[in-house]
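Inspection log for the structure reproduced underneath, given as structure tokens.
The values are calculated or read from the model by the stated rules, or taken from the named source; none is laboratory data. Here the structure is a predicted model, which means the values were calculated and not measured. Cβ coordinates were reconstructed from backbone atoms using ideal geometry, including for glycine residues, and neighbour counts include every protein chain displayed.
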Amino acid sequence: MKDNIASFSLVVNGTDYAATIIKRLNALSLEEKLEDGADTLSFTLANHDGRLAPIKRGVYATLALGWKQGAEVSSGLISKGRFLVDEVVKEGDPAVVRVRARSADLTGAYRKRRDAGWKRTTLGRVISDVAKANGLEARVHADLARIPVASIEQAAKSDMAFVRDLGKRHDAVATVKDGKLLFLPIGKGESATGKPLPALKLIRRQVSRWSATEADREDHDGAEAQWHDRKAARRKTVKHGKAGNPRRIQRSFSNEAEAKEAARAEASRAARGKFTFTCDLALGDPAYAPNLKVTLVGWDSQIDATTWLITSATHTLDATGGYVTALEMESLG
């Protein structure tokens, strides 16, 4: 029987470091989040002899994870995208080099505050303009791209914060991956181009540790939002869902269409996360990533009957060739 041996590819500034550093690797970790601005790659390398080739800030690294061999795993690598190195720390003893890289440039223009505004356009155009200003390619799901925008202001706010706010307003993934600004519905099960995302199955024997929690929170069955009707000179309310106990959005909107979209997004958010599930995979799997749906098999009737959505995936390799994945999930609907 073949031993399970993890593998990876790490190309930094055009140089394949994997072959060079695999004997020096102390640890490598990739943290992927559903609603964060960027994924984070970090790795620690031994440099006891001082002969490690320098890795500098501002260069790009591309990562792929997987398994070299094993009786219980599928061999091969899965690409996890491109990352910009934004921190290099040398320390000791023993001498090591710690490197951190992110899927978005969090030290450049994407983090700088600026003023901008749009009128009589679409959400897709707004996202595309922000992407272009940062040298990124916009990937916006059609359902979101066509949403009309009467007027919106980006007042003294960074592009990253602005896009993140838009993601919360429309209950969308709003993140940068591999040079692309992604904006797509949370939990819809489709990519930005509308293609179905893979649905995953996780069997209990694949898990080494797990925890399921029923959230202690108010149970909403919809949402409502207010908008200002100038002709009637008063506020009006729109609702989405059953709305017997709606979650109320505090801010007021300038027109009915924006209020309806806000209520829809908030109702979708309220329906998620009534249950949470965390677990560690005994054998890591790079196929598990945020915004993918998972079916759990082998727990109990409640857990197995729930459709789960990955909100966080942390992939970790160590010096022994071991590879594990930690997942955080929330219930859908």
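Remarks
- Scanning segment 197-235 for residues that are of a type in the set (D, E, K, R), touching a residue at least 12 places away in the same chain (Cβ under 8 Å) and part of a strand (DSSP E or B) yields LYS201, ARG209, GLU214, GLU224, ASP229, ARG235.
- The residues of segment 279-305 that are in a loop (DSSP other than H, G, I, E, B) and in contact with a Lys or Arg (Cβ under 9 Å, 6 or more places away or on another chain), listed by number, are ALA282, PRO286, ALA289, PRO290, ASN291, GLY298, TRP299.
- The number of residues in segment 71-112 being in contact with an Asp or Glu (Cβ under 9 Å, 6 or more places away or on another chain), outside any strand (DSSP E or B), in contact (Cβ under 8 Å) with a residue 40 or more places away in the chain and surrounded by fewer than 18 Cβ atoms within 10 Å (Cβ to Cβ) comes to 6.
- Matching entry among GLY179, GLY194 (being without any contact (Cβ under 8 Å) to a residue 60 or more places away in the chain and at positive phi): GLY194
- Residue identified as over 21 Å from GLU31 (Cα atoms), buried (at least 19 other Cβ atoms within 10 Å of the Cβ), in contact with a Lys or Arg (Cβ under 8 Å, 6 or more places away or on another chain) and not aromatic (Phe, Trp, Tyr) among LEU144, LEU166, LEU123, LEU182: LEU123
- ARG114 fulfils the conditions (1) in contact with a helix residue (DSSP H, G or I) (Cβ under 9 Å, 6 or more places away or on another chain); (2) within 21 Å of THR314 (Cβ to Cβ) except for a single criterion, (2).
- In the set (1) of a type outside the set (A, V, I, L, M); (2) part of a strand (DSSP E or B); (3) out of contact with any helix residue (DSSP H, G or I) (no Cβ under 6 Å at 6 or more places or on another chain); (4) surrounded by 15 or more Cβ atoms within 10 Å (Cβ to Cβ), the condition left unmet by GLN154 is number (3).
- Residue among ALA305, ALA326, ALA289 that alone is more than 13 Å from GLU31 (Cβ to Cβ) and either outside the structural domain of LYS177 (by TED's automatic domain parsing) or at pLDDT below 95 (or both): ALA305
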